[in-house]
Amino acid sequence: MKRIYQFLLSFLFLTSGVIAAMDQGQALMTAISNSDITQVQNSLKNPTIDAYAKIGTQTPLELAHEVATAQQDNKNALDIKRAIVDYLFSKVAIYRKFIAAPIDEMTDVINQMSTCTDVVPFIKNLLVICAKIDNMGEYIDTLIHYTLPKSQLIVFPNDLLRDCPTLLPDLIDHHPNGKDLALFGDIESSTLPEWVTWCLDHGAPVNGTNTIGFTPLILAVRGSGSANSDGYIAIVKILLGRGAKANQVSKGETPITLIEKKCAQENSQINQEIRARLKGEPIPTFPPPLGIPATGVAPVSTSGSNPPPVTDTSFTTSISKLFTSYKTWAALACMYLGVKCYKRVTSGYAAKYEKNVIVNEAGTDISVTDENKNTTDIHTGEDNVLDLPKFAGLLTVEFQDTSKNTSKDLVIDLDRYADDDYHMNIIIRPTRWFERFFVRSPLYYSVTWKRKATPQEAE
């Protein structure tokens, strides 16, 4: 019976929400028709409003464009159109609709934008966002090769991407290269080289860095990210031909020092050629692969009596291959870092202080606010420790200098750790760059504890 009540209540709330959204949508359309800029701005703040979809026979953008075209002297009508375009950029099209939407839905929105406003910056912003996300290759390809209905090609200016320093490194980092046949003197026109060339043609900085600090060239030299993997030689050729700097430092390393390390670990033909190109040396020549003569024609066997190759399948050999494989050590390293990050967040170590305190080890001042709105700043240096008993309930921690970490707040539930038998230390630390791959949290804190000494009774 209880579940039936819960279902009925959920259905009632859902129905009420749908009806409210429809009413808000009609109110938005009425405000656009009346050029009521205040009502439009208030409606767009409502999370139930979907300014991307049609409300009746038109979308809000289409109606705003129609009103602004008919009333070109009406400043409110023009401001309303700009407000809805900004809304599509920042809320609907980018974050809610496109990342999980099918390609044809993205195309529909771009078509809608192209009939009502300049679609070029819209495509540019989407391209920068999709480059930062894995498995968005189909979207990127659609954006780069997008054409309007009736085969009208969009004209992208040559300097379109000049203010997008993260675009190239994000593309190379999140979208691996296809087959690279440079080993045989050929460069296959795989998707990533085509994208990189297009971005360079439209002004993308060849020596820009992503948010972590890597340049496109050092990411192309790194390849798939493994120490033993080959680099993307096709991308290296393109970048060097467009002025990429082989000695530019990224995270304390240059493309040349990185390729030297890779060649020392596994001196493959591709890595040898990348090293020669980075250092401006003659490109080495390599013999054809085993079994393929210089003419490029595989030999024809005239005898069927050749014995098959003997493969050593002994237990010792299998164990040896396991521990000499770079994949094994990479997996162990990932497990080690994962455990370290988990301990960093969940702690479990002995308390550092003999009382209940909150410790600022973040490298910048932080503000701490509890449920009763008691706010205290905790500084760095010697006065970075504050007693906890003055706080109650949920603690909200905010970094004063967001360049040290993030602008998002951290919320700590003190009741979760309440225990009269322990000293509790809450230690706030910044995010180290490699931990972002293992722990999805904007800030880090650890709770350490130590059992309090039992008072001795007088004899």
* To do: Please give the length that would be gained between D86 and L394 if that part of the chain were fully extended, namely 0.36 nm times their separation in residues minus their C-alpha to C-alpha distance (nm, one decimal).
  => 107.3 nm
* **Cα-based reach from K352 at 18 Å (exclusive), listing aspartates and glutamates while leaving out same-chain residues under 8 positions away** => E361, E382, D383, D387, D419, D420, D421
* Asked: Considering only the other residues whose Cβ falls under 11 Å of the Cβ of Y353, what net charge follows from Lys and Arg at +1 and Asp and Glu at -1?
  -> +1
* Kindly put V359, V411 in sequence by how many other C-beta atoms sit within 10 Å of each C-beta, fewest to most. => V411, V359
* Structure fact -> Counted neighbours (other Cβ, 10 Å), sorted fewest up, put T215, T257 in the order T257, T215
* Label-point separation (nm) for K75 and R451, each offset 7 Å from Cα along Cα-to-Cβ? -> 7.4 nm
* **Nitroxide proxy distance, nm - points 7 Å out along Cα→Cβ at N125 and K327** => 4.3 nm
* Structure fact -> When C130, C116, C263 are ranked with the fewest other C-beta atoms within 10 Å first, the list becomes C263, C116, C130
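None of the figures in this text is laboratory data; all of them are computed from the coordinates on show. Please read these numbers as outputs of a predicted model, since none were measured by experiment. Note that we place each Cβ from the backbone using ideal geometry, even for glycine, and neighbour counts take in every protein chain shown.
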